[in-house]
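Below you'll find the structure, written out as structure tokens, and then a few comments.
Just so it is clear, none of the values below were taken in a lab; they were calculated from the coordinates. What you see is a predicted model, and the numbers here were worked out from it, not measured in a lab. Cβ placement follows ideal geometry from the backbone for every residue including glycine, while neighbour counts extend to all protein chains displayed.
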Amino acid sequence: MNVAGIYPKSASQRTGGKENCMVEVSPTVWVSKQATISNKVIFGDNIHIYGEVEVAENAIIENNVVIGHPSPFTLSDIEFNCSLKLRDVYDTISQGKTFIGSNSIIRSNTTIYNGTKIGNNFDCAHNVIIRENCNIGKGCYVFPSTYFYNNVSIGNNCRINGTLCARTIIGNYTSMLGHTSHKYSSGIEGEIEPAPTIHDGVIIGREAVIIGDISIGKFSYITTNSVLLKSTCEYSLMAGIPARLIRYRNHSEVEKIINKMEAESNGNN
């Protein structure tokens with residue numbers, strides 16, 4: 001089903017005009033006329049796709065999923081009128097292209113905000129929220145009830161859980177099972193603070209917290225329930241509150257992940 005092909009965009013739709021843009025393509029599935037949906041997509045029930053969304057082939061969208069949800073920052077653009085349907089209002093104010101790669105599954109009760117781009121073979125569990133303008137590479141798995149704040153960047157083949165603060169950067173083949181957080185040093189709402197950077201092949205244990213403008217070197221391991229406040233070198237094993245260096249990991253501990261990364265790199269050349 002190519003919604004954009006069936007319902008060509010008018011000038012009003014292209015410029016964010018107030019024309020009704022949502023189409024009920026099947027019972028309880030509402031898709032923007034601005035969207036491009038592959039014919040090889042399976043929909044559940046109660047789905048809303050707002051704005052300029054593209055969903056590639058062989059994707060599954062389960063029940064109660066929203067894709068292209070408008071950013072909270074655009075809500076001030078709403079003109080309140082009791083004659084309007086909320087779905088049509090949200091479709092009008094959704095900004096930026098949202099992309100879901102091929103062979104992806106978005107499980108029930110998940111919301112993906114506008115401007116987010118997700119690579120192929122994405123496996124998204126239930127009750128996930130991905131805020132606006134995030135970038136997620138191919139082959140990633142997201143655990144249930146994970147929360148991405150805006151502008152998070154994730155590499156390829158990662159496993160992601162917990163809460164990621166805005167502007168978190170995570171490299172390839174990383175297992176993020178904890179949380180990232182700003183320092184919130186000023187306590188002023190809306191103040192922009194730098195976020196953690198987590199490099200390739202890192203493991204963050206369950207409920208570990210990475211705080212502030214710090215960098216975690218390649219193939220490091222932050223153990224369960226640790227609180228990391230300082231940057232680490234590559235291959236560091238960190239534990240405790242606050243986390244301290246226990247030792248450096250040896251090559252045999254990370255050999256499998258290195259081999260996978262090298263095989264993928266050679267396959268792309």
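Pairs of Cα atoms under 8 Å, at least six residues apart: use those to get the relative contact order of the chain, whole percent.
Numbers: 795 pairs, mean separation 23.3, N = 269.
Answer for the chain is 9 percent.
Counting only pairs 8 or more places apart or on different chains, how many lysine pairs in the chain have C-alpha atoms closer than 12 Å?
Values: Lys9/Lys33; Lys18/Lys85; Lys97/Lys117; Lys117/Lys138; Lys183/Lys230.
Lysine pairs meeting both conditions in the chain amount to 5.
According to a simple spin-label model (label point 7 Å from Cα along Cα-to-Cβ), what is the distance in nm between Glu191 and Leu86?
Using points 7 Å along Cα→Cβ, the separation is 3.4 nm.
Enumerate by residue number the chymotrypsin sites (Phe, Trp or Tyr not before Pro) in the range 165-245 meeting two conditions: DSSP loop (anything except H, G, I, E, B), and at most 14 other Cβ atoms within 10 Å of the site's Cβ.
Numbers: sites: Tyr173, Tyr184, Phe219, Tyr221, Tyr235; in loops: Tyr173, Tyr184, Phe219, Tyr235.
The qualifying sites are Tyr184.
Using only DSSP helix segments of four residues or longer, with each worth -39500 (n - 2.57), what per-residue ellipticity at 222 nm results for the chain after dividing by its residue count and rounding to 500? Walk me through the numbers before you get to the answer.
Details: 4 runs with 34 residues, N = 269.
When only DSSP H runs of four or more count, the value is -3500 deg cm²/dmol.
For Cys134, Cys233, which order do you get if you count the other beta carbons within 10 Å of each Cβ and list the fewest first? Numbers along the way, then the final one.
Details: Cys134 23, Cys233 12.
Ascending number of Cβ neighbours within 10 Å: Cys233, Cys134.
Take every Cα pair under 8 Å in the range 1-149 that's 6+ residues apart, average their separations, divide by the length, and report that relative contact order as a whole percent.
On the way: 424 pairs, mean separation 26.8, N = 149.
Once divided by the residue count of the range 1-149, the mean separation gives 18 percent.
Give me the percent of DSSP beta bridges within the range 152-269 that run antiparallel, rounded to the nearest 5. Before the final figure, lay out the partial values.
On the way: 4 of 24 bridges.
If we restrict to bridges inside the range 152-269, about 15 percent are antiparallel.
To the nearest 10 degrees, how steeply does helix 251-268 sit against the main Cα axis of the chain, on a 0 to 90 scale?
Taking Cα atoms only, the helix is inclined about 40 degrees.
Chymotrypsin sites (Phe, Trp or Tyr not before Pro), restricted to the range 34-117: which are DSSP loop and have at most 15 other Cβ atoms within 10 Å?
Details: sites: Phe43, Tyr50, Phe73, Phe80, Tyr90, Phe99, Tyr113; in loops: Tyr50, Phe80.
Hits after loop and neighbour filter: Phe80.
How about the range 167-240: which GluC sites (Glu not before Pro) there lie in a loop by DSSP and see at most 10 other Cβ atoms within 10 Å? Could you put the intermediate results ahead of the total?
On the way: sites: Glu189, Glu191, Glu207, Glu234; in loops: Glu189, Glu191, Glu207, Glu234.
Passing both the DSSP loop test and the Cβ count: Glu189, Glu191.
Which entry is the computed semi-axes √(5λ) of the Cα gyration tensor in Å for this structure: (i) 37, 22, 14; (ii) 46, 18, 13; (iii) 35, 22, 17?
The listed entry that was calculated here is (i).
Could you grab the relative contact order for the range 117-269? Cα pairs under 8 Å, six or more apart, rounded to a whole percent. Show your work: numbers first, answer last.
Values: 430 pairs, mean separation 19.0, N = 153.
Over the range 117-269, the number comes to 12 percent.
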